[in-house]
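Student: Quick one: this structure, given as structure tokens, is what I'll be asking you about.
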Amino acid sequence: IHFYKRSNSSHTMRCWVLASLAVSLSTVSCFYLPGLAPVTYCNNPDLTTCTSDIKLFVNRLNSEESVIPYEYHHFDFCQADEANAPSENLGQVVFGERIRPSPYKIAFGSSSDSCEVLCTKSYVASNTDDQKKVSLLRKGMFMNYQHHWIVDNMPVTWCYPVENGQHYCSTGFPMGCYVDKKGNPKDACVISRDYSTADNYYVFNHVDIVISYHDGKEEDWGKYLNGAKGGRIVSVKLTPRSIAHDPAQAKEGKCVSDVAKGPLAIPGEGAVDAEITYSYTVTFRTQNEVKWSSRWDYILESMPHTNIQWFSILNSLVIVLFLSGMVAMILLRTLHKDIARYNQIDSGEDAQEEFGWKLVHGDVFRPPRKGMLLSVFLGSGTQLLSMAGITLVFACLGFLSPA
């Protein structure tokens, strides 16, 4: 009878546990990690399953010729309201990234037939503050400082031809270039013969932005578009140019991105009167052969330093294993000698003398003074080591996104 009651109560407890688990599962919700979830864009702002506004963010500017990065607003570029600036994570803060919103207005599917004026910056030769801004722009172009823009959580790239007929896609583009006093073009000035006037700076005040997207017609997520034109962005590329816009047209909010327009040159020295009009064009094109999950491939494949150096890794592993084996052999030989000496002890007087590994037998079982602190350090270290190992394994298998 007691056994029956015990089993009956156990069965009732299991039923309550299963019922509670079923109720809890009904209230479970899931979410994507920030930055890893795909965003679907469309040209219908009324749909809730997709968005029509494409946000372009700017980041800090850096240079290979200097270790000092600058925030975007350090230079006199077109500014936007930074009240809704995204917050950086710990990794971005450590690497010195400063992501800020930009004044570029991009709506999905709205390709601009003509260039759009962003803003106009005027500088007067007699104004000291204006000349300081011009000098800062000159310094940035002389040291080849690079813009870093972000769209849909991936970098905006500038692709250009290199040696052997290959294309290199850089995750940044220069703010301008300089032709020295001997007429030798530096850095990005070599891309065009128009940048040839000696001792002049050429400001890249115009960008042609090309956004490629997968329309999702043959994908499961295409049903969220509900018949609207849309897709997921797979690449954002731009081409920087220097264009001397007509000041009269710029005041009316009009500009021409024709190649026949001459470049915007700033003399290398002295106070100057200058007027810089920043402009841009946006073009959308379909690229269904690239899926959203593999959109980083063209960036990684164009970078030669991204190839895994398997020979170096194996060489390091062999060295580590060889040194570990040598240490293990030395410890085993020492331990074997001590055990042999212990076995040769015959008299009790000799047994009272402790040597070798017996010298630490009392310390092994003695509790440490800061036992809790030691356990915390061991637990945290084990967790960090395990996380680093698992992350490296998943990274080698290609499960982690570069974003």
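Student: Taking all protein chains together and a probe of 1.4 Å, list Ile243, Ile319 from the most accessible to the least accessible.
Tutor: Output order, biggest surface exposure first: Ile319, Ile243.
Student: Also, I was wondering about something else. So what does Trp221 come to for accessible area, using a 1.4 Å probe and Å² rounded to 10?
Tutor: We get 30 Å² for Trp221.
Student: Turning to a different aspect of this structure: How do Lys217, Lys370 rank by accessible surface area computed with a 1.4 Å probe, from largest to smallest?
Tutor: Lys217, Lys370
Student: Taking the Cα centre of the range 267-342 as origin, sum charge times position over the Cβ atoms of Lys and Arg (+1) and Asp and Glu (-1), and report the length of that vector in debye to the nearest 20.
Tutor: That gives a dipole near 940 debye.
Student: Can you list, largest first and rounded to whole Å, the semi-axes you get for the range 172-313 by taking the square root of 5 times each eigenvalue of its Cα gyration tensor?
Tutor: Numbers: eigenvalues 280, 125, 18 Å².
Output for the range 172-313: semi-axes of 37, 25, 10 Å.
Student: Express the C-alpha Rg of the range 63-131 as a ratio against the empirical globular expectation 2.2 N^0.38 Å, rounded to two decimals.
Tutor: Taking N as the residue count of the range 63-131, the ratio is 1.48.
Student: Would you check the accessible area of Tyr201, probe 1.4 Å, heavy atoms only, in square angstrom rounded to 10?
Tutor: 20 Å²
The values are calculated or read from the model by the stated rules, or taken from the named source; none is laboratory data. Every value quoted in this text rests on a predicted model; they were computed, and no experiment measured them. Reconstructed Cβ throughout: ideal geometry from the backbone, glycine too, with neighbour counts over all protein chains shown. To get the accessible areas, we keep the full protein, side chains included, count just its heavy atoms, and leave off ligands, DNA and RNA. Shrake-Rupley method; radii C 1.70, N 1.55, O 1.52, S 1.80 Å.
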